[in-house]
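Everything below concerns the one structure shown next.
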Amino acid sequence: MNLSFDRKRTVIILFAIAFLLLILNAISSRLFKSSGNKTETKEIYSDEINRKFLAGVQGFGIRDEWIKTQKPNKKHSDSLKYYYAVNVPADLPIPLILDDIKNSFGKGEIDYSSKEIRSKESRSKGTTTLILKSGGFEKLKAEFVYSPAIQRTSGTVGFLVSGFSSLDTVSQYELINSPDNFLAVLIPSKDALEKIKRLKTRDKDYAILLSDNISDLDYKFSTKYSVERLKISLRSVIGDFPKAAAYLYDSKSSFASSSIFPLIKREFEKRKIKFLDINKFDLIDQQDTPLNSSFESIVNKTGNNKTEMIYVSDEDYYKLKPEILKYTKTGYKFINPYAAVTDFK
């Protein structure tokens, strides 16, 4: 009897211990999880907050004269050092500016709050208030209001990207599936036909470049060919690539100076099909200045109702992506150049 009682008592004690361990494990897991997710806070100076705020605002093309310094009301906060009223062009969503400012700070550096007061009359008369705090103290306040009377300096740019046919498979996929607007410049070939199918799935357009580098016999132009054979090649190019924005050539190439070029050009003119010299565009890789400086000088030539067309290699296009993003934020538009090329003279 005593042995049976001891076993029963032992089982009860073990179950009690196991139950207690489960409770302790649940409590400790919750404590560690809470501790692990807690963001370390730290106070940063008002001047640093102000510097990042102004950089964020000006990065969107907001001019200095649109940023008005206000006098902080000490009754509301003794710690408030910077107070602004910011006029915003109607084409620039205020939430974009606020997100950029917020993302410029590290975790735990600021407490961020914003409030939009919409006008019953129209969106353009609403006001959005931004408050930035650090260390529990209010450091900067800004009121953003849309102002239809002001406009950012902007222009329109279109890219013709060459070398697409020589890209590796991964780079081609990235370029095709990117949201970028550009016109792919292809050398006629059977492989180019397959690339065009993939381009069209992403609503991207193409142009065809004629040169000495055509290796596909169906589209090749050779000084050894007869007039009839050259016309067959031309009909193949036009027939197999009928939706090209334009057919291009380089007036400085050996192809353009060859004896067969006048015939090819006449055939395009006879059909009233665009046959354009790429030297009429901005050839960014032939500038004497560094890539970014060349791009900046071209973009700065644009203005309202004016479009600059840039002819660039795929490699240089990738390098320019950060600059393109920077100018997009300030109001410049980077368009699909299809319509601009078809209207080009």
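The values are calculated or read from the model by the stated rules, or taken from the named source; none is laboratory data. Quantities reported herein were computed from a predicted structural model and do not represent experimental measurements. Here the Cβ positions follow ideal geometry from the backbone for every residue, glycine too, while neighbour counts run over all protein chains shown.
Observations on the model:
- One residue stands out in region 199-208 among those that are of a type outside the set (Gly, Ala, Ser) and surrounded by 18 or more Cβ atoms within 10 Å (Cβ to Cβ): the one that is farthest from Gln172 (Cα to Cα), namely Ile208.
- Of the residues making up region 293-345, just one is more than 19 Å from Leu209 (Cβ to Cβ), in contact with an Asp or Glu (Cβ under 6 Å, 6 or more places away or on another chain) and of a type in the set (S, T, N, Q), namely Thr302.
- Qualifying residue in region 68-82 (condition: farther than 13 Å from Lys139 by Cα, modelled with pLDDT under 85 and touching a Pro at 6+ places or on another chain (Cβ under 8 Å)): no
- Odd one out for Asp218 among (1) farther than 24 Å from Leu199 by Cβ; (2) among the charged types (D, E, K, R); (3) more than 26 Å from the chain's Cα centre (by Cα): (1)
- Selection of region 293-345 for residues being under 13 Å from the mean Cα position of the chain (by Cα) and at positive phi yields only Gly331.
- Checked against the criterion of being assigned by TED's automatic domain parsing to the domain that holds Val237, in contact with a strand residue (DSSP E or B) (Cβ under 8 Å, 6 or more places away or on another chain), closer than 14 Å to Asp316 by Cβ and hydrophobic (A, V, I, L, M, F, W, C), region 291-298 has at least one qualifying residue.
- Residues in region 141-189 that are part of a loop (DSSP other than H, G, I, E, B), under 17 Å from the mean Cα position of the chain (by Cα) and closer than 15 Å to Leu320 by Cβ were compared, and the one that is modelled with the highest pLDDT is Phe182.
- If you go through region 222-268 and keep only what is surrounded by 14 or more Cβ atoms within 10 Å (Cβ to Cβ) and acidic (Asp, Glu), you end up with Asp240, Asp250, Glu267.
- Residues in region 309-337 that are among the hydroxyl-bearing types (Ser, Thr, Tyr) and either exposed (fewer than 14 other Cβ atoms within 10 Å of the Cβ) or in a helix (DSSP H, G or I) (or both): 4 in all.
- Close pairs (6 angstrom Cβ cut-off, 6 or more residues apart or separate chains): touching a residue at least 12 places away in the same chain (Cβ under 8 Å) and of a type in the set (Lys, Arg) in region 81-108, surrounded by fewer than 18 Cβ atoms within 10 Å (Cβ to Cβ) and assigned to a loop (DSSP other than H, G, I, E, B) anywhere: Lys107/Thr39
- Residues that are within 19 Å of Ile278 (Cβ to Cβ) and buried (at least 20 other Cβ atoms within 10 Å of the Cβ), drawn from region 172-198: Phe182, Leu183, Ala184, Val185, Leu186, Ile187, Pro188, Ala192
- When residues in region 250-291 are screened for being in contact with a Lys or Arg (Cβ under 8 Å, 6 or more places away or on another chain) and closer than 30 Å to Gly155 by Cβ, 3 of them pass.
- Of all the numbered requirements in (1) out of contact with any Pro (no Cβ under 6 Å at 6 or more places or on another chain); (2) modelled with pLDDT of 85 or more, Ala90 misses one, and that requirement is (1).
- The residue of region 268-308 that is farthest from Gly239 (Cα to Cα), among those that are part of a strand (DSSP E or B) and out of contact with any helix residue (DSSP H, G or I) (no Cβ under 6 Å at 6 or more places or on another chain), is Leu283.
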